[in-house]
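The values are calculated or read from the model by the stated rules, or taken from the named source; none is laboratory data. Computed from a predicted structure; not experimentally measured. Cβ atoms come from the backbone with ideal geometry, glycine included; neighbour counts cover every protein chain shown.
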Amino acid sequence: MSFQAYLDNIKSKTGKGPEDFKQLAEEKGFLKDGKLVPTVKATEITNWLKEDFSLGHGHAMAIYAVFKGKTE
């Protein structure tokens, strides 16, 4: 599955795209000014996405990759 396919599936499942998740992550303190807070671990973010949005691990990691700057 391509990276874009992961993002498309996430949008289909949650109604939210990468920018929506970035905004929510800022509100939770995982991002500051669009950048990952250095003390935040990937597990914290993936656990949040799994719990609040019922994402699987691979899909949660795709969002984490977006937070790290991956675009494709």
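Using the structure shown, decide if residue 12 is at pLDDT below 95 and surrounded by fewer than 17 Cβ atoms within 10 Å (Cβ to Cβ). When the stated conditions are applied, residue 12 does not pass them. Checking each residue in the range 15-48 for being among the small types (Gly, Ala, Ser) and exposed (fewer than 11 other Cβ atoms within 10 Å of the Cβ) picks out only 15.
For every residue, the table says whether it meets (1) touching an Asp or Glu at 6+ places or on another chain (Cβ under 9 Å); (2) among the small types (Gly, Ala, Ser); (3) modelled with pLDDT of 95 or more.
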residue: 25; (1), (2), (3): no, yes, yes
residue: 35; (1), (2), (3): no, no, no
residue: 43; (1), (2), (3): no, no, yes
residue: 46; (1), (2), (3): no, no, yes
residue: 52; (1), (2), (3): no, no, yes
residue: 68; (1), (2), (3): no, no, no
residue: 72; (1), (2), (3): no, no, no
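Within the range 28-69, which residues are touching a residue at least 40 places away in the same chain (Cβ under 8 Å) and either among the aliphatic types (A, V, I, L, M) or closer than 17 Å to residue 2 by Cβ (or both)? Scanning the range 28-69 gives 55, 58, 59, 62, 63, 65, 66.
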